[in-house]
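Working notes, beginning with the structure itself.
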Amino acid sequence: MAAQPEGTPVWADAMFTDLEGAKSFYGEVLGWTFGESSTEHGNYTQAFRDGKAVAAIVPPPPGHGEARSTWVLYLASPDVRATAERIRAAGGTLLLEPMQVGAFGSMAVATDPGGVLFGVWQGGEHTGFELRDVPGSYGWAEVFTRDPDAANTFFPQVFSYGVRKLVDEKVEYRLFTVGGREVLGSMAMTPEVPAQVPSFISIYFIVENCDAAVERVAKAGGQLVFGPMTSPFGRFASFVDPQGAAFSLIDPGAAEGEPPSTVEVS
């Protein structure tokens, strides 16, 4: 698979103290199976749907104890070191400096000025998602932040995104584009979000029936946070899993209504 254009979401992983528990939960909710843990890379374990790589899970490094479970979205880069320099110049913070991951590729992990966590991936043998936009795989993501002005300046500066804005008085929502294609959303956290919830990138995995998926999440020990709600983009709901990692599920086939129009911002 050819390398994805810069700024395109290409991979997602999460750190879990209870790796077996995460396997059980996401296996139940999304139908994932799991490969062998790579001891060479900290027991990094890939998740598969229909034999195709869709995400990964990994335990905390030794000495990190009860690390907070969080899904991390990785954005494509042709040169992870150059991207890291742009992150610094735009006011972001490098949590993990650029590093080589064997023959698989190179990575970095950072936050924007508002604390939004994200990864950068320069593919080698591992170019990213082998399956997406179908049930059980990645479908969409959006920056969910308490500082939207910072995010809406930072991400286009680092990844040269085009920016479009939804024409909707009820929500301030930006769309970041690559080559005219919408790849990532950005919106402000509402006052209803508890103060202890940090800014983050909300990852949406696709399901065939959102309401049935809500039941699977509850049965598997997850907690419903929002929804289910039907939108012009699909029926969706947001959750935290049993270890505290936030994620969302969406059924694009259940969309209702016309999507709002957009206008070019930059």
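Quick check, is ALA151 of a type in the set (Gly, Ala, Ser), in the same structural domain as ALA195 (by TED's automatic domain parsing) and touching a Ser or Thr at 6+ places or on another chain (Cβ under 9 Å)?
Yes.
Quick one: which residue in GLY91, GLY119 is modelled with pLDDT of 95 or more and under 16 Å from the mean Cα position of the chain (by Cα)?
GLY119
Checking the structure you have, find out if any residue of region 145-157 is surrounded by fewer than 16 Cβ atoms within 10 Å (Cβ to Cβ) and at positive phi.
No, region 145-157 contains no residue that is surrounded by fewer than 16 Cβ atoms within 10 Å (Cβ to Cβ) and at positive phi.
What are the residues in region 80-107 that are under 17 Å from THR127 (Cβ atoms) and surrounded by 14 or more Cβ atoms within 10 Å (Cβ to Cβ), if any?
Residues satisfying the conditions are VAL80, THR83, VAL101, PHE104, GLY105, SER106, MET107.
Yes or no: GLY162 assigned by TED's automatic domain parsing to the domain that holds VAL80 and modelled with pLDDT of 95 or more?
Working: assigned by TED's automatic domain parsing to the domain that holds VAL80: no; modelled with pLDDT of 95 or more: yes.
For GLY162, the condition - assigned by TED's automatic domain parsing to the domain that holds VAL80 and modelled with pLDDT of 95 or more - is not met.
Tell me the residue from VAL80, VAL101 that is outside the structural domain of GLY234 (by TED's automatic domain parsing), over 16 Å from the mean Cα position of the chain (by Cα) and modelled with pLDDT under 95, please.
Among VAL80, VAL101, only VAL101 is outside the structural domain of GLY234 (by TED's automatic domain parsing), over 16 Å from the mean Cα position of the chain (by Cα) and modelled with pLDDT under 95.
Before we move on, is GLY180 on the phi > 0 side of the Ramachandran plot and at pLDDT 95 or above?
no
Say we look at region 219-239 and pick out the residues that are outside any strand (DSSP E or B) and modelled with pLDDT under 95; which of these is farthest from PHE16 (Cα to Cα)?
Among those residues, the one meeting the criterion is PRO232.
Could you pull out every one of the strands (runs of 3 or more DSSP E) wholly within region 1-119 that has 1 or more residues that are within 29 Å of GLY222 (Cα to Cα), in contact (Cβ under 8 Å) with a residue 24 or more places away in the chain and not β-branched (Val, Ile, Thr)?
Working: elements: 9-15, 45-49, 52-58, 71-76, 93-101, 105-111.
The strands (runs of 3 or more DSSP E) meeting that bar are 9-15, 45-49, 52-58, 71-76, 105-111.
Take region 178-200 and flag every residue that is buried (at least 18 other Cβ atoms within 10 Å of the Cβ) and either over 14 Å from VAL143 (Cβ atoms) or over 20 Å from the mean Cα position of the chain (by Cα) (or both).
VAL178
Does PRO242 satisfy the condition of being at pLDDT below 90 and part of a loop (DSSP other than H, G, I, E, B)?
On the way: at pLDDT below 90: no; part of a loop (DSSP other than H, G, I, E, B): yes.
Here the answer is no, as PRO242 does not meet what is asked.
From (1) without any contact (Cβ under 8 Å) to a residue 60 or more places away in the chain; (2) in contact with a Ser or Thr (Cβ under 8 Å, 6 or more places away or on another chain); (3) within 21 Å of TRP121 (Cβ to Cβ), pick out the condition that doesn't hold for ALA188.
(3)
The values are calculated or read from the model by the stated rules, or taken from the named source; none is laboratory data. Bear in mind that the values here come from a model prediction, so they are computed numbers and not experimental data. So basically every Cβ, Gly included, is an ideal-geometry build from the backbone, and we count neighbours across all protein chains shown.
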